[in-house]
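Report on the structure given below.
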Amino acid sequence: MAGADTPVTALAALRTAVGVGAWAAPGLAGKAFGLRVDDPEAVLMARLFGVRDVALAAATLATTGPARTTLLQAGLACDLFDAAAALLGRRSSGGRSIGPVSSALVAGVALAAAATGVVALRKG
């Protein structure tokens with residue numbers, strides 16, 4: 001059974017690292033992805049995202065069975081929408097858009113989390 005928990009543990013570790021970074025140091029976390037988090041609105045959004053990821057990680061680790069499956073599914077949906085948001089960020093919005101490297105980095109991490117979530121769901 002320990003092998004089945006490995007993807008869950010890896011996913012929770014990824015969510016926790018990204019989430020704590022986004023909440024505790026939004027500017028530094030943004031910089032790691034090539035993003036500017038230099039205004040109060042961006043800091044707020046980074047922290048909202050961060051706490052969501054930490055909550056998903058903690059709740060997933062604290063549950064088993066159908067509850068864990070539901071949380072893994074919710075996390076998978078969040079990860080896929082995060083990847084889509086990163087790609088949509090490439091479109092200009094008010095003359096501003098996310099750069100290709102930043103978009104790829106954010107989408108890549110989100111898709112890696114989604115892939116790990118799929119593995120975790122399959123291992124049950």
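What to note about this one:
- At R0 = 22 Å, FRET efficiency that the Cβ-Cβ distance of A74 and L28 yields, to 0.05: 0.20
- Structure-based [θ]222 nm, the chain - -39500 (n - 2.57) summed over DSSP H runs of at least 4, per residue, nearest 500: -28000 deg cm²/dmol
- Dipole moment magnitude, nearest 20 debye, the chain about Cα centre, only Lys, Arg, Asp, Glu C-beta charged: 180 debye
- Here, the stretch 1-45 is characterised by an Rg to Rh ratio of 1.19, where Rg is the alpha-carbon radius of gyration and Rh the Kirkwood radius.
- Low-density loop cleavage sites - trypsin sites (Lys or Arg not before Pro) in the stretch 70-124, where at most 10 other Cβ are within 10 Å (DSSP): R91
- Residue (of A67, V37, V51) at the positive-pole extreme of the stretch 2-123, dipole from beta-carbon charges: A67
- Restricting the calculation to Cα atoms, every distinct pair contributes to the Kirkwood radius of the chain, found to be 14.9 Å.
- The stretch 43-98: C-alpha gyration tensor shape, a/c 1.5 cut-off, then a/b vs b/c: oblate
- Note on the chain: GNM, Cα springs under 10 Å; of D39, D82, D53, the largest mean-square fluctuation is that of D39.
A short reminder: the numbers here are calculations on the coordinates, not readings from a lab. Remember, predicted model here, so these are calculated numbers, not experimental data. Here Cβ is always computed from backbone atoms with ideal geometry, including for glycine, and neighbour counts include all displayed protein chains.
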